[in-house]
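Below: the structure, in structure tokens.
The values are calculated or read from the model by the stated rules, or taken from the named source; none is laboratory data. Source: prediction; values computed, not measured. Cβ placement follows ideal geometry from the backbone for every residue including glycine, while neighbour counts extend to all protein chains displayed.
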């Protein structure tokens, strides 16, 4: 049973527009959420995170929104750039327990010039 | 700051053979993880170490997989004997306890 779901395998966006990547989770014990970005033949790299005590966290062009009641989070990239083309993984953990991350299957973002 | 180092980058073996992967975490990171990423899936935790000790190995197929972390630094992951379904990228990651993970580039394993 998937605890972290990314229901869109792929997303295509025009350069300069907003990219919105979505993630749903089922485990109410999760209290820390992260987004990782992965280029081919490389390991995932940390992008941005949010604690369950917040509903928004912003870092430059990247903003993560958390809706705890809906068990939903989203990553907004504004404006999107061709270099943002990668696979984006949503991950969650229950920091009060072991702290290891549970990953979604990823969304492949393509930003077209 | 040096990142998480993994070797080899690629490995091709036949089924029933054995294989080992090596990981050197970021200096000072007490927590080390091995993840398995099958094509089209997200990374799945195999084992988590805190210093020398195992914190979570509930998803490690212990009949064929083993891992150790001697002296609380480097770690090795071994598969013996390998099966076709073990073909995947094996990612090592490290972190401070309960903080974000830093991943290595991974070892791509193909079992023929």
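Summary table below
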| read-out | value |
| --- | --- |
| Meets criteria (buried (at least 22 other Cβ atoms within 10 Å of the Cβ) and modelled with pLDDT of 95 or more) for residue B:25 | yes |
| Qualifying residue in region B:13-22 (condition: away from chain A (no Cβ under 14 Å), touching a residue at least 24 places away in the same chain (Cβ under 8 Å) and buried (at least 16 other Cβ atoms within 10 Å of the Cβ)) | yes |
| Verdict on residue B:32 being touching a residue at least 24 places away in the same chain (Cβ under 8 Å), part of a strand (DSSP E or B), farther than 25 Å from residue A:90 by Cα and more than 10 Å from chain A (Cβ to nearest Cβ) | no |
| Residues of region A:1-24 satisfying the condition of being within 13 Å of residue A:111 (Cα to Cα) and away from chain B (no Cβ under 14 Å) | A:11, A:12, A:13, A:14, A:15, A:16, A:17, A:18, A:19, A:20 |
| Those residues of region A:40-55 which are surrounded by 13 or more Cβ atoms within 10 Å (Cβ to Cβ) and either within 13 Å of chain B (Cβ to nearest Cβ) or outside any loop (DSSP other than H, G, I, E, B) (or both), in sequence order | A:42, A:43, A:44, A:45, A:46, A:47, A:48, A:49, A:50 |
| Residue B:100, sole failed condition from (1) surrounded by 14 or more Cβ atoms within 10 Å (Cβ to Cβ); (2) more than 14 Å from chain A (Cβ to nearest Cβ); (3) more than 13 Å from the chain's Cα centre (by Cα) | (2) |
